[in-house]
Amino acid sequence: MSLLALVSTVVAVAALLLVMVPIVRRYLRYRGTRLVTCPETTKAAAVETDAFQAAFSEGASRKLSLKECSRWPERENCGQECLRQIESAPEDCLVRNILVRWYEGKKCALCGKTLGAVDWLEHKPGVLCPDRKTALWTEFRAEMIPEITATHLPVCWDCHVASTFRRQFPDLVVDRPWKKD
């Protein structure tokens, strides 16, 4: 490979990176489910923006629109005024960030262990429902988050797994109280 071909390739890759990095950043900034207050009902609504469209538009011409909303299809032709909430604070209304802030500094309602950093890929924390059953966030609709965080307690992954096993297979569980020495 000649020196000229190598330099041309490096310049082309650098130019491509200069163009693609801002696009990828905008895409990552606007993807994901968000929780907004619907201006029409003043209740929580779960929405997703068209992150692909937002990524390829920039500056004053940025076109942000909804791809999905928990109030659709009934209210699909709304004015999408809720987008102002996302434009002003895209990270604050992201469901993942809302839940991370809720778990921050809390202790597991069952074992008392302090909940550390949330691992959303493997060991997701759960909640203790008022009926004393544990559940994961995947069992709830996103727009229910404000209600759930007000009425449920945080539970670590280990306690959720143990509680679920105990509930599903009660005949396989033997309780042995701890002996104090």
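Nothing in this text is a laboratory measurement; each read-out follows from the coordinates by a stated rule. No experiment lies behind these values; they were computed from the predicted model shown. FYI the Cβ positions are ideal-geometry reconstructions off the backbone, even for glycines, and counts take in every protein chain you see.
Taken about its Cα centre, segment 15-130 carries a charge dipole of roughly 280 debye when the Cβ of each Lys and Arg holds +1 and the Cβ of each Asp and Glu holds -1. Using the Cα gyration tensor of segment 95-172, with a ≥ b ≥ c the square roots of its eigenvalues, what is the shape: rounded (a/c below 1.5), prolate (a/b larger than b/c) or oblate (neither)? Because a/c hits 1.5 or more and a/b exceeds b/c, segment 95-172 counts as prolate. When the Cα gyration tensor is reduced to axis lengths a ≥ b ≥ c, the ratio a/c is 1.5 or higher for the chain, and with a/b not above b/c it is classed as oblate.
Counted residue by residue at 0.36 nm each, then reduced by the alpha carbon distance between them, the extension gain from Thr37 to Leu6 reaches 5.8 nm. The Gln80 and Glu122 beta-carbon pair, evaluated with R₀ = 35 Å, returns a calculated FRET efficiency of approximately 0.50.
Pairs of Cα atoms under 8 Å, at least six residues apart: use those to get the relative contact order of the chain, whole percent. Display every interim value, and only then the final one.
Numbers: 206 pairs, mean separation 28.4, N = 181.
Here the relative contact order equals 16 percent.
Obtain the radius of gyration and the Kirkwood radius of segment 1-72 from its C-alpha atoms and give Rg over Rh. Ratio of gyration radius to Kirkwood radius for segment 1-72: 1.28. If R0 equals 35 Å, the separation of the Cβ atoms of Cys111 and Asp171 corresponds to a calculated FRET efficiency of about 0.90.
So, R0 is 25 Å and r is the distance between the beta-carbons of Val100 and Asp158; what FRET efficiency does that work out to, to 0.05? Here the calculated transfer efficiency is 0.85. Adding -39500 (n - 2.57) for every DSSP H run of four residues or longer, then dividing by how many residues the chain holds, sets the calculated 222 nm ellipticity at -11500 deg cm²/dmol.
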